[in-house]
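These notes are about the structure you will find just below.
The values are calculated or read from the model by the stated rules, or taken from the named source; none is laboratory data. Not measured: the values here are computed from a predicted model. Every residue, glycine as well, gets a Cβ built from its backbone with ideal geometry; the counts of neighbours run over all protein chains shown. Just so you know, the surface numbers come from the protein's heavy atoms only, side chains and all, with ligands and any DNA or RNA stripped out. Shrake-Rupley method; radii C 1.70, N 1.55, O 1.52, S 1.80 Å.
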Amino acid sequence: FSFDKFKKEYPQFRWAYNEENDKLTLLEGSYVLNKDLIIPKINGFGIDAGVNILIAENKSVLSYSPVEIMGTEEKPVIVKALDGNKPFGTFAILGEGSKTKSVISWLDLSGGSEKWINGVYFSGQLSIYHMNVEMDNALVHGSHSDDGLNIKYSNVLISNSKFYASSADQVDLDFVTGVIKNSEFKGIGEGIGGDNLDLSGSKVLVKNNKFSDSIDKGVSIG
């Protein structure tokens with residue numbers, strides 16, 4: 001990984017790189033992403049509290065590194081479409097198995113869709129594959145894709161989060177284990193839509209959640 005080369009590739013962002021622990025951080029600020037942002041395989045990719053990213057139509061973020069989104073209640077991390085009528089592609093994290101974990105706190109993500117990137121299809125506006133996940137106080141909403149949030153082959157802990165107003169499934173979990181608690185799932189209430197929570201091949205404790213306005217099923221266990 002060449003940090004100097006990476007900075008030249010994405011000059012509109014403010015970066016910090018710690019060579020000792022091989023971790024890259026996107027510093028607080030407002031940014032526009034007009035081409036795919038690819039984070040290579042390093043020890044970690046952090047996003048500071050107060051980061052606001054507007055993503056152009058069909059453009060995406062793909063991290064091959066564990067991601068730490070460090071939002072706070074006062075300064076959430078906001079990721080949304082640059083143009084509300086033109087969805088971005090996906091915010092995706094692709095790991096290599098159970099040894100890695102991403103932590104997501106106080107993220108507000110909306111206005112995305114789905115995309116093929118580097119030979120992988122990501123079906124959710126937020127897609128996390130082969131990467132353990134802890135998610136707390138997240139808002140994932142207004143997706144134009146099959147899934148608002150799609151997680152595959154992972155251990156998950158989702159708490160105190162809200163998933164709503166996406167065009168099909170609010171959350172789709174495939175081949176995961178874990179806990180989903182103290183969260184809310186709300187569909188679009190009319191027309192064509194999907195499940196609030198779709199589980200396939202998974203072993204999940206679903207506790208103290210609220211489900212409403214699903215077009216298909218509140219919870220689908222396939």
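Odds and ends about this structure:
One line per residue, one yes/no per condition, for (1) open to solvent by 40 Å² or more (accessible area, probe 1.4 Å); (2) within 11 Å of the chain's Cα centre (by Cα); (3) under 18 Å from residue 151 (Cα atoms):
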{"position": "76", "(1), (2), (3)": "yes, no, no"}
{"position": "82", "(1), (2), (3)": "yes, no, no"}
{"position": "88", "(1), (2), (3)": "no, no, no"}
{"position": "92", "(1), (2), (3)": "no, yes, yes"}
{"position": "104", "(1), (2), (3)": "no, yes, yes"}
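- Residues being closer than 17 Å to residue 196 by Cα and in contact (Cβ under 8 Å) with a residue 40 or more places away in the chain - total across the range 114-138: 3
- Options 20, 57; residue that is farther than 23 Å from residue 134 by Cβ, modelled with pLDDT of 95 or more, open to solvent by 40 Å² or more (accessible area, probe 1.4 Å) and not β-branched (Val, Ile, Thr): 57
- Residues in the range 3-34 that are assigned to a loop (DSSP other than H, G, I, E, B), out of contact with any helix residue (DSSP H, G or I) (no Cβ under 9 Å at 6 or more places or on another chain) and touching a residue at least 12 places away in the same chain (Cβ under 8 Å): 10, 12, 14, 21, 22, 27, 28, 34.
- Residue match in the range 111-123 (condition: under 14 Å from the mean Cα position of the chain (by Cα), crowded, with 19+ Cβ neighbours inside 10 Å and part of a strand (DSSP E or B)): yes
- The sole residue among 160, 208, 150, 137 that is at positive phi and under 13 Å from the mean Cα position of the chain (by Cα) is 137.
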